[in-house]
1. Please verify whether residue 120 is closer than 24 Å to residue 39 by Cβ, in contact (Cβ under 8 Å) with a residue 12 or more places away in the chain, in contact with a strand residue (DSSP E or B) (Cβ under 8 Å, 6 or more places away or on another chain) and assigned by TED's automatic domain parsing to the domain that holds residue 214, treating the condition exactly as stated.
2. Determine whether the range 197-211 contains at least one residue that is touching a helix residue (DSSP H, G or I) at 6+ places or on another chain (Cβ under 6 Å) and modelled with pLDDT of 95 or more.
3. So, of the residues in the range 96-108 that are touching a helix residue (DSSP H, G or I) at 6+ places or on another chain (Cβ under 6 Å) and closer than 24 Å to residue 186 by Cα, which turns out to be surrounded by the most Cβ atoms within 10 Å (Cβ to Cβ)?
4. Output yes when any residue across the range 96-111 is farther than 19 Å from residue 43 by Cα, in contact with a strand residue (DSSP E or B) (Cβ under 9 Å, 6 or more places away or on another chain), assigned to a helix (DSSP H, G or I) and at pLDDT 95 or above, and no when none is.
5. Among the residues of the range 69-95, which ones are outside any helix (DSSP H, G or I) and crowded, with 21+ Cβ neighbours inside 10 Å?
6. Looking only at the range 152-160, decide whether some residue is free of Cβ contacts under 8 Å to residues at least 60 places away in the same chain, surrounded by 15 or more Cβ atoms within 10 Å (Cβ to Cβ) and outside any loop (DSSP other than H, G, I, E, B).
7. Out of all the residues in the range 64-93, which are in contact with a strand residue (DSSP E or B) (Cβ under 7 Å, 6 or more places away or on another chain) and farther than 22 Å from residue 204 by Cα?
8. I'd like the full set of residues that are outside any strand (DSSP E or B) and touching a strand residue (DSSP E or B) at 6+ places or on another chain (Cβ under 9 Å), limited to the range 165-179.
């Protein structure tokens with residue numbers, strides 16, 4: 001019962017956010033909901049929230065992404081944007097006029113970058129993750145990133161190899177090509193959230209949710225270039241879900257910080 005009430009409250013916040021962005025004449029809002037690293041569209045954390053959004057009249061699609069449990073890194077970071085293009089086209093073909101890109105963890109990272117290249121009404125970033133520029137990822141993955149770059153320089157960019165990845169502090173191995181690996185893990189590449197948040201197209205709303213015990217929260221709102229334009233900050237006292245399906249959960253089980261970026265809305 002508590003989980004249900006929390007979910008309803010969270011959806012109410014999202015509905016309020018979208019109501020602020022969309023005019024009263026807007027009848028159809030579409031949401032592309034992107035799962036996290038190693039996740040799937042069928043995870044409870046995805047189906048629960050997407051179902052509530054549909055109940056409230058949203059047109060929702062939850063595509064399986066190239067970083068899912070079964071696909072993990074079968075396409076580059078840049079080519080992943082083309083799959084979101086397909087998801088957006090699906091929403092528009094089903095009547096959506098205004099598009100929001102929502103994502104959890106790595107999905108939030110991808111959503112941010114998508115909104116730097118394509119105009120959308122807003123980005124909903126839930127427990128954003130994957131920070132190649134962070135000290136922990138630089139330290140633990142530097143050797144494999146350099147090895148992959150060396151393979152590319154030697155003309156072996158399309159050759160598959162084993163590389164390390166990290167999720168919630170756990171290092172594990174994945175198989176991918178050098179080109180694809182570098183596209184996701186280069187600390188100077190495209191998957192850098194502060195850079196992408198600062199480069200959102202004008203008029204893009206950003207809804208940013210980070211747990212207070214999430215390492216990302218230590219940077220505060222300034223991590224995503226939000227500090228000077230925060231209008232509301234809400235401390236959310238409960239997790240949205242408590243699920244035991246590692247390595248992905250929708251939100252960590254502690255207080256949440258919810259930041260709204262409003263000043264660029266048009």
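The values are calculated or read from the model by the stated rules, or taken from the named source; none is laboratory data. Worth saying up front: this structure is predicted, and the values here are computed from it rather than measured. Note that we place each Cβ from the backbone using ideal geometry, even for glycine, and neighbour counts take in every protein chain shown.
1. In short, yes.
2. Looking for residues that are touching a helix residue (DSSP H, G or I) at 6+ places or on another chain (Cβ under 6 Å) and modelled with pLDDT of 95 or more, one finds none in the range 197-211, hence no.
3. Within the range 96-108, the subset touching a helix residue (DSSP H, G or I) at 6+ places or on another chain (Cβ under 6 Å) is 99, 101, 103.
Still in the running and closer than 24 Å to residue 186 by Cα: 101, 103.
Details: 101: 28, 103: 26.
Of everything passing the filter in the range 96-108, 101 is surrounded by the most Cβ atoms within 10 Å (Cβ to Cβ).
4. Residues of the range 96-111 that are farther than 19 Å from residue 43 by Cα, as a first pass: 96-100.
Add one more test, that the residue is in contact with a strand residue (DSSP E or B) (Cβ under 9 Å, 6 or more places away or on another chain), and what stays is 96-100.
Checking the rest, the ones that are also assigned to a helix (DSSP H, G or I) come to none.
Taking every residue of the range 96-111 in turn, none turns out to be farther than 19 Å from residue 43 by Cα, in contact with a strand residue (DSSP E or B) (Cβ under 9 Å, 6 or more places away or on another chain), assigned to a helix (DSSP H, G or I) and at pLDDT 95 or above.
5. Going residue by residue through the range 69-95, those that are outside any helix (DSSP H, G or I) are 69-76, 94-95.
Listed by number, the list holds a single entry, 73.
6. yes
7. Within the range 64-93, 65, 72, 73 qualify.
8. Taking the range 165-179 and keeping what is outside any strand (DSSP E or B), we get 168-169, 178-179.
178 - this is the single residue of the range 165-179 that is outside any strand (DSSP E or B) and touching a strand residue (DSSP E or B) at 6+ places or on another chain (Cβ under 9 Å).
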